[in-house]
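A short write-up of the structure that comes next.
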Amino acid sequence: MIKRLGSALFLLATLCLCGSALAQRGGSGANPGTRNTYCCNDDSGKQVCSDVLPPQCYGKAYREISPTGRTVKRIDAPLTAEQRTVKEAEAKKAKEEELRRKEEDRRNRALLATYATEKDIDYARDRALADIAKTIQASEEKLAELGKQQQKLDGEAEFYKKKTPPPALQAQIRDNQAEMKTQQAAIAAKQKEIETVKARYEAERQRYRELTASKTTAPSAADSRPR
């Protein structure tokens, strides 16, 4: 008897589960109001809506609306080739501007970390100019030596006015003259570098003043509180 009672209870539980599953399946298919709606404006400007994306909305901007009437998603229309070009150019420009801003911020932080006062800038400038002056002096001394060597070589070449000087002497003269030109070019470059260094440190001085002035004049948290 107990065995028959257990079988009956098992059969009853199975029937209940099947009935519940059928009820859920039937309910999900019989209630279209639970679906989202897709709406767009067709070519004539008329709004078209459906529970699936209408063909009139293909290639157009559309909205996805919940059963409660709330817009849950907006899809923009695909961009034209011209629009894509403009958008890509704008994105590239924005990226370059962001990189420029970050680089400027980095340089500003480095400037403030390098110099404590304007006198530090003057000291760094004078040291850089002194190094250039030493290089110019060394080149001028070398040029003077080459000039003396050239006079000596020219004196030796005087013995060969009526005939061609020996190849070794000709090579010495060529090499000496080439080295003289090299030293002259180095001196000219360093003299030009002096103006570049002065301009660079003057720009750093102006930027340092701007940065320190903005930090000095910025109101403190205590001063900015309402009284």
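The values are calculated or read from the model by the stated rules, or taken from the named source; none is laboratory data. Keep in mind that what you see is a predicted model, and the values were worked out from it rather than measured. Positions of Cβ are generated from backbone atoms using ideal geometry, with glycine treated the same way; all protein chains shown enter the neighbour counts.
Testing L146 on (1) within 19 Å of A185 (Cα to Cα); (2) free of Cβ contacts under 8 Å to residues at least 12 places away in the same chain; (3) touching an Asp or Glu at 6+ places or on another chain (Cβ under 8 Å), one condition comes back false. Which one is that? (2) is the only condition that L146 fails. Being assigned to a helix (DSSP H, G or I), among the small types (G, A, S), surrounded by fewer than 11 Cβ atoms within 10 Å (Cβ to Cβ) and on the phi < 0 side of the Ramachandran plot, is that true of even one residue in segment 128-140? Yes. I'd like the residue in segment 43-98 that is polar (S, T, N, Q) and in a strand (DSSP E or B) and, out of all such residues, is surrounded by the most Cβ atoms within 10 Å (Cβ to Cβ). Of everything passing the filter in segment 43-98, S50 is surrounded by the most Cβ atoms within 10 Å (Cβ to Cβ).
Here segment 161-176 is the region considered, the condition is being in contact with a helix residue (DSSP H, G or I) (Cβ under 7 Å, 6 or more places away or on another chain) and part of a helix (DSSP H, G or I), and the residue that is farthest from E145 (Cα to Cα) is L169.
Matching residues to (1) hydroxyl-bearing (S, T, Y); (2) over 30 Å from R107 (Cα atoms):
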residue	(1), (2)
A157	no, yes
Y160	yes, yes
L169	no, yes
R174	no, yes
Q177	no, yes
Q191	no, no
K198	no, no
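If you go through segment 86-113 and keep only what is more than 17 Å from K198 (Cα to Cα) and touching a Phe, Trp or Tyr at 6+ places or on another chain (Cβ under 9 Å), you end up with just L112. Return yes or no: is T212 assigned to a helix (DSSP H, G or I) and modelled with pLDDT under 95? Yes. Do the conditions hold for R70, that is, is it among the basic types (K, R), over 14 Å from the mean Cα position of the chain (by Cα) and more than 22 Å from C40 (Cα to Cα)? Judged against the criteria, R70 is not a match. Between I194, I187, the distinction of being within 29 Å of A128 (Cα to Cα), surrounded by fewer than 16 Cβ atoms within 10 Å (Cβ to Cβ) and within 41 Å of the chain's Cα centre (by Cα) belongs to I194 only.
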